[in-house]
Structure formats: structure tokens, C-alpha cells
Amino acid sequence: VAAQTYRQDGNDYWPGALDKSGNISTTQCASWDRFWKVNKSDILSFIALRKSGGSTSGSQFDAINQWPATGNSNVMDANGQVLGLVAGHTYAPFVDANGNGQYEPDQGDYPDINGDQFIWWVFNDVGNIKQQTQTASIGLEVQASAFAYSTNDALNDATFYNYHITKMGTNILDSAYITTWSDADLGYAFDDYIGCDTTRGLGILYN
């Protein structure tokens, strides 16, 4: 099991992408302890400048030039140091302008996002001793993304999340159960009820 609530009993997950053998050290985990955020408006400006022959090396485009995508040698870690990515491993999504499988913003590549603001991060259940469930590591790498839209309707109040889960290492799973855990409070924390509409995949929280 790998499960996480409030960390009151410790962690089951730590930052970082696993290597090809499904391993990661605590030092490497600390380097991955950050979120990469990019705005759609900056991507559109980046694309326009590239088409017009303008420079896209300015600090305005740091989020694009340092995007943690396969092959990028300019990814900065949580300490502002270059973060080495494993060759051939898939990381944050990107538009591959020349189709060579490598993220090269100087060749016109840019983050492939949903929404008007997009955040990407990665975590695992290998990087330390699991204090929450006190079980052995499964070998999970979870690449997560969150995004939102800037609108004038109810969509403006919504956030969306995607999780790309990879089982790494040598032990084999024949089945798995996966869920998100949420402790939502609508105002006062102790007078809420929950429900669901299974046909629409809809969770409901009401006061």
C-alpha cells in the first residue's frame, strides 16, 4: 500500500522521478522538491516570437526554457541547480516541433498544456521509509498535473488534476486499486455530507 493523508504519521510519498531500475535517493528526492508552473499566455507569446524570429531567451520564458521535459539540459531543481534527467524517460508533456523526441525550446518546442495555467510535478513511494502505512515500496512514480481556466463563468472556480502512474522495478503487480483522497470542507468542517453520481463520475459535497 502507498497512501497519504495529512502526514500526521509521516509520509508514504516523496518528490522525484525514479531511474530505470525504479530507484531514487533521498538527496535526489530533495532536488525534485518543486512545482513547475507555466501560463498559456506566455506559451502563446513564445510561439509568436519564434514565428517572427524574435528572441525567446529572456526571463519571461524561463518556465518554458526550463520545462522538465525529456532531453532538456536546462531544467533547474529546487536549489537552482541543473537537474539531470534520465535519458529516454518521459517527463512533463511538450509539443515536439521537429519530432525527435527531445525537448528543445530553441528549436520551437514548448509545454503541451491544458487550461490557462498548468502545474506539473512528480513523486514516488520509493525515496524513504514509508511511515504512514509502514509497508514496502511498490515502485510507483506519479507524474501529476493541475490546471485551471480563466473564464467569466463557473469554470473559473474549478481546478483539474491528472495523474500518470508508472510501476517501475522488478516486482510485478497483477492488480491494483487507485483512488484520490480528499477531505473537503464546505465552510464549517463538521456539518458536511458527501454523495456521488456514478454514471457521471461525479463526487458531491454539500452542507
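The values are calculated or read from the model by the stated rules, or taken from the named source; none is laboratory data. Computed from a predicted structure; not experimentally measured. Neighbour counts are summed over all protein chains in view; Cβ atoms, including those assigned to glycine, are modelled from backbone coordinates with ideal geometry. Heads up: the accessible areas ignore ligands, DNA and RNA and are worked out on the full protein's heavy atoms, side chains in. Shrake-Rupley method; radii C 1.70, N 1.55, O 1.52, S 1.80 Å.
Points worth noting:
- Tabulated pairs, region 82-93, first more than 19 Å from Ile113 (Cβ to Cβ) and open to solvent by 50 Å² or more (accessible area, probe 1.4 Å), second part of a loop (DSSP other than H, G, I, E, B) and hydrophobic (A, V, I, L, M, F, W, C), C-beta under 8 angstrom, 6+ apart or interchain: Val82/Val75
- Unmet criterion (only one of (1) surrounded by fewer than 17 Cβ atoms within 10 Å (Cβ to Cβ); (2) over 19 Å from Glu141 (Cα atoms)) for Gln66: (1)
- Unique residue being in a helix (DSSP H, G or I) and acidic (Asp, Glu) when the list is Asp183, Asp174, Asp106: Asp106
- Within region 51-63, the residues that satisfy the criterion of being in a loop (DSSP other than H, G, I, E, B) and open to solvent by 40 Å² or more (accessible area, probe 1.4 Å) are Gly53, Ser55, Ser57.
- Residues of region 139-158 that are at negative phi and in contact (Cβ under 8 Å) with a residue 60 or more places away in the chain: Leu140, Glu141, Val142, Gln143.
For every residue, the table says whether it meets (1) surrounded by 14 or more Cβ atoms within 10 Å (Cβ to Cβ); (2) out of contact with any helix residue (DSSP H, G or I) (no Cβ under 6 Å at 6 or more places or on another chain); (3) among the basic types (Lys, Arg).
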residue	(1), (2), (3)
Gln107	no, yes, no
Asn114	yes, yes, no
Phe123	yes, yes, no
Gly139	yes, yes, no
Asn156	no, yes, no
Tyr188	no, yes, no
Cys196	no, yes, no
Arg200	no, yes, yes
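- Region 27-50, residues that are closer than 30 Å to Asp174 by Cβ and open to solvent by 40 Å² or more (accessible area, probe 1.4 Å): Gln28
- Scanning region 55-72 for residues that are among the small types (Gly, Ala, Ser) and out of contact with any strand residue (DSSP E or B) (no Cβ under 7 Å at 6 or more places or on another chain), we see that the one that is farthest from Ala17 (Cα to Cα) is Ser55.
- The condition of being in contact with a helix residue (DSSP H, G or I) (Cβ under 6 Å, 6 or more places away or on another chain), open to solvent by 40 Å² or more (accessible area, probe 1.4 Å) and over 19 Å from Tyr163 (Cβ atoms) holds for only one of Asn23, Asn98, that being Asn98.
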